[in-house]
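Student: Sharing a structure here in structure tokens format.
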Ligand SMILES: C[S@@+](CC[C@H](N)C(=O)[O-])C[C@H]1O[C@@H](n2cnc3c(N)ncnc32)[C@H](O)[C@@H]1O
């Protein structure tokens, strides 16, 4: 798929599955996805009253996790699938003390000035972008020097046995459940996108090449998920 084709496909697909997206996340991960988001937020070092970018916010779960940890933060959630953010906006009706500033935008061309945010996080986005290096360069650009860029993503486990089990799970179970609960081919796209994605060390290398420093990653769920963290240093 060419870059514009992939972006259009991803945008349309998430628009279509938005109403069942959260339910599928909880089912697929046995409820673990919210713990992974909390872990990612803890790596971001969100300062009190900090300005946070939740990139590809979708239905806003990562943004809400930021506010659970740091209620004084200002959180901007950006995504190019507007129906996903509409679901996120509805969630806020039940949580009047929480506010997320949702905005339409493309991760490859962020509508923000340089050095705007105290941290930038993304969850389950990088697999979906057409140009991973450019997405990290954009994240690095919009955070202030000293800030962290945090990426939570599905990755293939390094251990052969776990990788085998993971591939059976994602290749068979997830599309079967997705076919019942959701619509279209989204949950066959998901395992294909995981298969095609970078390994955790490769992802760390791309982050370094994008100018991030002190890059580390934490495997979660036996390596089925990884949280990568990099820093924009002040001398860059
Ligand atoms: C798997 S969902 C993740 C949503 C949310 N971050 C979460 O934790 O559940 C991926 C999201 O990335 C968004 N996305 C993918 N590529 C994007 C891009 N280039 N610019 C903006 N959003 C993008 C999709 O629209 C979708 O909402």
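No value in this document is a laboratory result; all are computed from the given coordinates. All figures in this text were calculated on a predicted structure; none of them were measured in a lab. Using ideal geometry, Cβ is built from the backbone for each residue, glycine included, and neighbour counts are taken over all protein chains shown.
Student: Going by C-beta contacts inside 10 Å, put 197, 30 in order with the fewest on the left.
Tutor: Details: 197 18, 30 8.
The order, fewest Cβ neighbours first, is 30, 197.
Student: While we're here: Between 226, 122, 182, which gets the highest mean-square fluctuation from a Gaussian network model of the chain, Cα cutoff 10 Å?
Tutor: Of 226, 122, 182, the most mobile in the Gaussian network model is 182.
Student: By how many nm would the segment from residue 188 to residue 202 lengthen if fully extended, with 0.36 nm per residue of separation less the alpha-carbon distance? Could you put the intermediate results ahead of the total?
Tutor: Working: separation 14, 0.36 × 14 = 5.04 nm, distance 2.38 nm.
Between residue 188 and residue 202, full extension yields 2.7 nm more.
Student: If you stretched the chain out fully between residue 42 and residue 218, how much longer would it get, using 0.36 nm times the residue separation minus the C-alpha to C-alpha distance?
Tutor: Numbers: separation 176, 0.36 × 176 = 63.36 nm, distance 1.21 nm.
Result for the pair: 62.1 nm of gain on full extension.
Student: Can you tell me the FRET efficiency between residue 99 and residue 23 if r is taken as the Cβ-Cβ distance and R0 is 25 Å, rounded to the nearest 0.05? Display every interim value, and only then the final one.
Tutor: Values: r = 24 Å, r/R0 = 0.98.
Computed FRET efficiency for residue 99 and residue 23 comes out at 0.55.
Student: Oh, and also: Let me know the whole percent of all Cα-Cα pairs from the stretch 136-204 that are separated by more than 21 Å. Intermediate results must be reported in sequence, preceding the final value.
Tutor: Working: 999 of 2346 pairs.
Beyond 21 Å sits 43 percent of the P(r) for the stretch 136-204.
Student: Where Rh denotes the Kirkwood radius from the mean inverse Cα pair distance, what is Rg over Rh for the stretch 107-150? Numbers along the way, then the final one.
Tutor: Details: Rg = 9.9 Å, Rh = 10.5 Å.
With Rg and the Kirkwood Rh in hand, the quotient comes to 0.94.
Student: Return a whole-number percent for the relative contact order of the stretch 103-187, with Cα pairs under 8 Å and 6 or more residues apart as the contact set.
Tutor: Values: 79 pairs, mean separation 23.5, N = 85.
The value is 28 percent.
Student: Right, something else. Quick check: convex hull of the Cα atoms in the stretch 118-236, volume per residue, rounded to a whole Å³? If you can, show how the numbers build up before the last one.
Tutor: Values: hull volume 12.2 nm³, N = 119.
Roughly 102 Å³ of hull volume per residue.
Student: A follow-up question, please. Which of 221, 65, 186 ends up with the largest GNM mean-square fluctuation for the chain, with Cα atoms connected below 10 Å?
Tutor: 221
Student: Run through the DSSP bridge list for the chain and note the antiparallel percent, rounded to the nearest 5.
Tutor: Working: 14 of 34 bridges.
About 40 percent, rounded to the nearest 5.
Student: From the convex hull of the Cα coordinates of the chain, what is the mean projected area in square nanometres?
Tutor: Numbers: hull surface 46.8 nm².
Value for the chain: 11.7 nm².
Student: Calculate for the chain the 222 nm mean residue ellipticity that helices alone would give, adding -39,500 (n - 2.57) per DSSP H run of length 4 or more and normalising by residue count, nearest 500 deg cm²/dmol.
Tutor: Working: 9 runs with 108 residues, N = 236.
Helix contribution divided over all residues of the chain: -14000 deg cm²/dmol.
Student: Compare 59, 155, 12 in a GNM of the chain, Cα atoms joined below 10 Å, and give the one with the largest fluctuation.
Tutor: Taking springs between Cα atoms under 10 Å, the residue moving most is 12.
Student: Once both labels are modelled 7 Å past Cα along the beta-carbon direction, what's the residue 162-residue 134 spacing in nm?
Tutor: Label-label distance for residue 162 and residue 134, simple model: 3.3 nm.
Student: Moving on. Using the Kirkwood radius built from alpha carbon pairs, what does the Stokes-Einstein equation give as D for the stretch 23-129 at 25 °C and 0.890 mPa s, in µm² per second?
Tutor: Details: Rh = 13.9 Å.
Approximately 176 µm²/s, per Stokes-Einstein.
Student: Using the number of other C-beta atoms within 10 angstrom as an exposure proxy, rank 214, 54 with the fewest first.
Tutor: Values: 214 11, 54 33.
By the 10 Å Cβ count, ascending: 214, 54.
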